[in-house]
Structures are given as C-alpha cells and as structure tokens.
Amino acid sequence: MFVSTPRTEASILHADLDSFYASVEQRDDSSLRGRPVIVGGGVVLAASYEAKAFGIRTPMNGRDALRLCPQAVVVHPRFSAYSDASKAVFEIFRDTTPLVEGISIDEAFLDVGGLRRIAGPAADIGQRLRERVRDEVGLPITVGIASTKFLAKVASAVAKPDGLLLVPPGGELKFLHPLPVERLCGVGAVTARKLHDHGIRTIGEMADVGETVLVSMLGGGAGRHLHDLSWARDPRPVHVGRRRRSIGSQRALGRRPKSAEDIDAIVVGIVERLGKRLRAAHRVSRTVVLRMRFDDFTRATRSHTLYESTARNDAILGVARRLVAGATPMIGERGLTLIGLSLTNLENDDAVQLALPFDADANGALDVTIDSLRDRFGTAAVTRAVLLGRDQGMVVPMLPD
C-alpha cells in the first residue's frame, strides 16, 4: 500500500462523476439528453439532474418519483455498461497520477502534489482531467481541489454538476464556514436536527460553539470529529492499494409481509454473493453483521464474531441464520423492509493459521469449485434449491475488493 505525503498546498482532487448511471444512459441514447431520466424501477438507483430538479432523489420509491415528475423516462439499469464506463474513467485517473484512491465506481481521490513541475498547477490538471473524461468517455465529471480530502470532497459537491472548484490554501475557513452543517461528513438527518435545535445551522456556527459543547450534544467521537472538520482539520493522506475493511450487501424488501422462508432465502442469496467476493479477493472474515430496517424506518444491527476467520459459505450462513433467528421477535413486531449482511475483521487468506481438517470440506473446496463453475458458465449454472424461482435482486457494480 502506498500513501501520499500530507501537503499544505491545494493538491488533492476529488473527482466525482455526475449522476453516473443516468449520465451513461443519456450518453448512449441521444433521445434521453436534456430529459428527466430515472434509472431503476421500484427504487430510484439514479436520477439525471433534470429529474433531480423535481425533487427526485435516491433511493426514493419509484412510484413517489413518478408522482413528482410524471414525464420522467424510466430506464432499466445496465450494470455492464456502468462497469465499462467506470474502468475507462479510472484509466484516465491513473494516467493522470499514480496516487489514486478509489472510493466507489464513480469517484476517487487523486494526489497531484508531485506533478507541478511536469503538469502544472492542480487546477490545470483537474481541468484537463475533466476534458479527457468528457472527450474519451463521454461523461460529465466534477472536480474539487483542496489541501485535504475532506475539503476536496466538499468542494466537488458544491461545484456540481459538471464543474471545477479550487479551495485556495489559506481560504479553507472562508469557503467552509458559510456552508450548512449538512455538508459535513457524518451529519445526517438526526444529527442535523440536534444541531438545528441548538441554533446551529452553518459550519461556522458549529466551529464557534467549541468542542466541549459538541461533545455534550453528540457524544465524544462524533463531537470531536465534527469539531475537527469544522476547522478544516483532516490529516488523512491519499491511500493507494488500501484494501476494504469490510464488504457487505443488502436487499430492500418493500412493505409487503415476508415469511420466514422468504427472509431465509434472501439471506442465503446474500451469503452466496459475499462468500464468492471473499474468495475471489483471497480474504477471510471473522465477524458477521446483520443490518435491518423496519416499517417505522428505524434500524438495528446484530453481530457475531467467529472463533476463527473463514470464507466458507456454510460457516457464514450459520452465523447469519442465528442472528436472524435472534431478531425474529423484533421483525414480527416492527415489520422488516430491508435486510443486509456485512463481513468485517477481514484478513488475507494467506495470513491465517490453518485449522486441522476435521471434516471433508474443511478448506472450502466445494465453494471454490462452485465459484469456478459460475465464473465459466454464468451465475445461474449452479443454484441452491432454496433460491430456485426467487428474484435475488440486482447486483450493482463496485470497485474490486
């Protein structure tokens, strides 16, 4: 893993493709350009800026979105096209600088601090990057430039769509303090309400109240974190090659009642996907986290840590089923609208001490064999009986694990 050197100059870029899925659809179908476009059906996966002007956001219910904008065009997602576009854009990122930290398939941090002599100032590099993405891939992209990752990301959000914004060294607080508190990473709806209740609406007002007050309002970790951000303090460098600390997948269920068998089948499908991702990345996990959302929009998590790390589907599924069983009374009372699993405490599979093979498939050979069959003949080549005839939802593209 490579790490960029922290800098005082404005040399960190946050490059973020604009309404990525919708922009790809408008690129590939000229009849969609300039029109409100919704990608997805039951749930809005992406919306063009023409659709966002009507208040459409992700992950809004599709029916609600069409009530806001009846003339919107709904298109089915084409994930292979989005993956291809992402790969092309990341090739441009890496051709710009070797210091690229991917955040998702449509955004990344780039450190260009060492390129001034050969490529010019960061603003020029950012503008050329935007032009290349537009000319070579056909997509709009916004670039924020600052001395820290946090400020660069805020700058790109302010500059959207299809813009470029440089926060000059020494001008960080002048740029940051007039912005609403919602611009800070970690300020969601609940935190924003708490701040508003105390008369704090701008980042500058948050900075003025001081760390002690924020800690008393929001707790130690969140209070200190937001106080640092309000004063533009973010020492994180750009990391290259840093591996994920967790992987996860979730499935929205809607408000229709789900039987225990339906929920179990969804959990099985999620474990199948996550287990394959683990093995493909040559990693193992020790902790399984169950995430749930209920009819009243509240959420709950449950977790269990295994005695030893694993990438075996049966071991992960056993833990997941026990977690779901323990939450069954809560699910029955409050209704389940979303279920997800995360695998954390990840390690490389070659760094784990091997256990004695007390059973015939202790090393997960069956899982590996099924993975290879699916890679060769398609994901439906081998399917668990419990999943036959069941919709397992969409598998969205993502950065490599």
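The values are calculated or read from the model by the stated rules, or taken from the named source; none is laboratory data. Since the model is a prediction, treat every value here as computed from it, not as a measurement. Virtual Cβ from ideal backbone geometry, glycine too; neighbours counted across all protein chains shown.
Some points to look at:
- So Pro237, is it in contact (Cβ under 8 Å) with a residue 12 or more places away in the chain and either among the β-branched types (Val, Ile, Thr) or under 24 Å from Thr344 (Cβ atoms) (or both): yes
Each row is one residue, and each column tells you yes or no for (1) among the hydrophobic types (A, V, I, L, M, F, W, C); (2) surrounded by 14 or more Cβ atoms within 10 Å (Cβ to Cβ).
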residue	(1), (2)
Ala155	yes, yes
Pro161	no, yes
Pro178	no, no
Gly223	no, yes
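- Of the candidates Val240, Val289, the single residue that is at pLDDT 90 or above, of a type in the set (A, V, I, L, M, F, W, C) and crowded, with 16+ Cβ neighbours inside 10 Å is Val289.
- Any hit, the range 1-24, residues being in contact with a strand residue (DSSP E or B) (Cβ under 9 Å, 6 or more places away or on another chain), more than 30 Å from Arg243 (Cα to Cα) and in contact (Cβ under 8 Å) with a residue 12 or more places away in the chain: no
- Residue list for the range 180-197, restricted to those being loosely packed, with under 14 Cβ neighbours inside 10 Å and part of a loop (DSSP other than H, G, I, E, B): Cys185, Gly186, Gly188
- Qualifying residue in the range 240-255 (condition: in contact with a helix residue (DSSP H, G or I) (Cβ under 6 Å, 6 or more places away or on another chain) and either within 30 Å of Ile12 (Cβ to Cβ) or part of a helix (DSSP H, G or I) (or both)): yes
- Every residue from the range 117-153 that is closer than 21 Å to Ser19 by Cβ and of a type in the set (D, E, K, R): Arg130, Glu131, Arg132, Arg134, Asp135, Glu136, Lys153
- Residue within the range 35-46 that is surrounded by 15 or more Cβ atoms within 10 Å (Cβ to Cβ) and in a helix (DSSP H, G or I) present: no
- Residue match in the range 44-53 (condition: over 20 Å from Ser104 (Cα atoms), among the charged types (D, E, K, R) and either touching a residue at least 24 places away in the same chain (Cβ under 8 Å) or in contact with a Gly (Cβ under 7 Å, 6 or more places away or on another chain) (or both)): yes
- Residue that is of a type outside the set (A, V, I, L, M, F, W, C), in contact (Cβ under 8 Å) with a residue 24 or more places away in the chain and buried (at least 18 other Cβ atoms within 10 Å of the Cβ), where the choices are Ser246, Ser309: Ser309
- As a summary of the residue check, His225 satisfies the conditions (1) assigned to a helix (DSSP H, G or I); (2) at pLDDT below 90 except for the one numbered (2).
- Any hit, the range 292-300, residues being at positive phi and either part of a strand (DSSP E or B) or assigned by TED's automatic domain parsing to the domain that holds Leu253 (or both): yes
- Only one entry in Pro70, Pro59 is touching a residue at least 40 places away in the same chain (Cβ under 8 Å) and over 21 Å from Ala159 (Cβ atoms), namely Pro59.
- None of Glu9, Glu91, Glu101 is surrounded by fewer than 17 Cβ atoms within 10 Å (Cβ to Cβ), closer than 21 Å to Leu166 by Cα and acidic (Asp, Glu) except Glu9.
- Residues that are more than 21 Å from Val43 (Cβ to Cβ), small (Gly, Ala, Ser) and not in a loop (DSSP other than H, G, I, E, B) within the range 301-342 comprise Ser303, Ser309, Ala315, Gly318, Ala320, Ala325, Gly326, Ala327, Gly332, listed in sequence order.
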